[in-house]
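Student: Sharing a structure with you now.
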Amino acid sequence: MNPMRPIVLALFALTTAVSTAQADTVVVTAARMVDVVAGRVVEHPVVTVTDGRITGVSTGNATIPAGARRIDLGNRTLLPGLIDMHVHLTSDPSLSGYRGLEFTDNFWTVVGVANARKTLEAGFTTVRNVGSANYDDVALKQGIEAGYVPGPRIVPATYAIGATGGHCDATEFPPSVQVPAPGIANGPQEIRAVIRKLRKYGAEVIKFCGTGGVFSKTDSVAGQQYSLAEMQALVDEAHMLGLRVAVHAHGVAGIQDAIRAGVDTIEHASLADAETIELAKAHGTYFSMDVYDDDYILAEGERNGTFKESLEKERKIGLLQRQNFKAAHAAGVKMIFGTDGGVYPNGDNAKQFVTMVQWGMTPMQAIQAATVTAAEALGRSSDVGAIAVGRYGDLIAVDGDPLAEVALLQKTSFVMKGGSVFKDVKSR
């Protein structure tokens, strides 16, 4: 027998014991829990989180592990941390139009720090940031993960990719003013090269502009801006590198070609007609429709300095988008929760739930769009989007029943991300 073996075994046992003793375990209990996978409510849930991951989900008088911390949420309703699939954390809508030119480039990173906290405290523990300058979303992600600032988990896109003169380009300046545009690419080869560069510097999803947009000053909101061949090259390159693809697309032709090219999510989808909806169903493409924004843009846009051209475009498509949201949902298109945070104030993300319910969803369906379905679209069903063993300890709670009054989601009283509590407002 090896004379060192007893010593090695003893050291291994000691190490294991120390590791077990140091494991951080917290048990969360509440009056009820929304099970988004099963689509039902569970009474008296007991959720155990160890070292940031959920290790147990039970009900009733479950045994509390020795040494575990207990968080009793009383009469509150427990839900998984919410997911917003379309945000711009480094944007502030009150600085629209030309107002943003008053600030230095790195000012927007500071804006992002503030918005990251607001978004997390609003109950959104994961976001997909689909476009920012200066790789600010990667910087935010790194700062949050290193513990310097609080915020949600970020899936960064870095720069949105687009054609010269399109929605992702700076079209509000004369030729004498040149604006850096690392995301601008024309033709398949340029597009492939840009994707490789963005991935190199931290992109975990690719976002591109397939049509015009509301907040670009000079283009048509419905006009297609990349050809099918360009879209196919973009999607092929991104998927080869393991990156999913989101496309900004309002107009029918651009949406349809993007679906044919194999994109994963359509952002906005404002003018999607019956044929487009059927095409999305056939391809399994997700729709991310920011149906709350119209209220904010038309109420506050002029005061915020939004271009008059943009306000006029919004007036033309806002109601149509909501009607097409209702049609797409009724037809069975896979719908995910995406708000375009930054077009309205970040932190108000949950206001969209009410609009989704007004336009055809049940409260449970709206919540599933922001949890289990969003996680599926991210390709992260193993770690976010539900209260289930193995997933992150991302939990939120509200006072009352959000399935009876979905607006309650605008008032989260408890937020836990990865087993750490970031907000706990006691019930009155």
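The values are calculated or read from the model by the stated rules, or taken from the named source; none is laboratory data. Computed from a predicted model, the values in this text were never measured in an experiment. FYI the Cβ positions are ideal-geometry reconstructions off the backbone, even for glycines, and counts take in every protein chain you see. For the accessible areas, the whole protein counts, side chains as well, though only heavy atoms, and no ligand, DNA or RNA atoms are used. Shrake-Rupley method; radii C 1.70, N 1.55, O 1.52, S 1.80 Å.
Student: Do we have any residue at all in the stretch 363-384 that's open to solvent by 20 Å² or more (accessible area, probe 1.4 Å) and in contact with an Asp or Glu (Cβ under 6 Å, 6 or more places away or on another chain)?
Tutor: Scanning the stretch 363-384, I find no residue that is open to solvent by 20 Å² or more (accessible area, probe 1.4 Å) and in contact with an Asp or Glu (Cβ under 6 Å, 6 or more places away or on another chain), so the answer is no.
Student: With respect to Ala331, is the statement that it is open to solvent by less than 10 Å² (accessible area, probe 1.4 Å), of a type outside the set (Asp, Glu) and in contact with a helix residue (DSSP H, G or I) (Cβ under 6 Å, 6 or more places away or on another chain) true?
Tutor: Criteria not met by Ala331.
Student: Restricting the search to the stretch 203-220, which residues are within 23 Å of the chain's Cα centre (by Cα) and either farther than 27 Å from Arg380 by Cβ or not in a loop (DSSP other than H, G, I, E, B) (or both)?
Tutor: Val205, Ile206, Lys207, Phe208, Cys209, Thr211, Gly212, Gly213, Val214, Phe215, Ser216
Student: If a residue has to be out of contact with any helix residue (DSSP H, G or I) (no Cβ under 8 Å at 6 or more places or on another chain) and over 24 Å from Ala157 (Cβ atoms) to count, how many in the stretch 249-302 make the cut?
Tutor: Within the stretch 249-302, residues that are out of contact with any helix residue (DSSP H, G or I) (no Cβ under 8 Å at 6 or more places or on another chain) and over 24 Å from Ala157 (Cβ atoms) number 2.
Condition check ((1) of a type in the set (Val, Ile, Thr); (2) outside any loop (DSSP other than H, G, I, E, B); (3) buried (at least 18 other Cβ atoms within 10 Å of the Cβ); (4) over 14 Å from the mean Cα position of the chain (by Cα)) across all residues:
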| position | (1), (2), (3), (4) |
| --- | --- |
| Trp108 | no, yes, yes, yes |
| Thr119 | yes, yes, yes, no |
| Thr125 | yes, yes, yes, no |
| Gln142 | no, yes, no, yes |
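Student: From the list Gln365, Gln352, Gln323, which one is free of Cβ contacts under 8 Å to residues at least 60 places away in the same chain, over 17 Å from Gly251 (Cβ atoms) and of a type outside the set (Val, Ile, Thr)?
Tutor: Gln365
Student: Determine if the stretch 260-268 includes at least one residue that is surrounded by fewer than 24 Cβ atoms within 10 Å (Cβ to Cβ), at negative phi and small (Gly, Ala, Ser).
Tutor: Among the residues of the stretch 260-268, at least one is surrounded by fewer than 24 Cβ atoms within 10 Å (Cβ to Cβ), at negative phi and small (Gly, Ala, Ser), which makes the answer yes.
Student: Which one is farthest from Val179 (Cα to Cα), of the residues in the stretch 69-106 that are open to solvent by 60 Å² or more (accessible area, probe 1.4 Å) and assigned to a loop (DSSP other than H, G, I, E, B)?
Tutor: Among those that are open to solvent by 60 Å² or more (accessible area, probe 1.4 Å) and assigned to a loop (DSSP other than H, G, I, E, B), it is Asn75.
Student: Does the stretch 272-294 include one or more residues that are more than 23 Å from Lys207 (Cα to Cα) and open to solvent by less than 70 Å² (accessible area, probe 1.4 Å)?
Tutor: No; the residues of the stretch 272-294 include none that is more than 23 Å from Lys207 (Cα to Cα) and open to solvent by less than 70 Å² (accessible area, probe 1.4 Å).
Student: Next question, about the same structure. Go through the residues of the stretch 186-202 one by one and say whether even a single one is in a loop (DSSP other than H, G, I, E, B) and buried (at least 18 other Cβ atoms within 10 Å of the Cβ).
Tutor: No, the conditions are met nowhere in the stretch 186-202.
Student: A further question on this structure: I'm told Gly347 meets every condition in (1) in a helix (DSSP H, G or I); (2) surrounded by fewer than 24 Cβ atoms within 10 Å (Cβ to Cβ) except one. Can you identify the failing condition by its number?
Tutor: So the condition that Gly347 fails would be (1).
Student: Sort through Met231, Met240 and tell me the only one that's under 24 Å from Glu278 (Cβ atoms) and of a type outside the set (D, E, K, R).
Tutor: Met231
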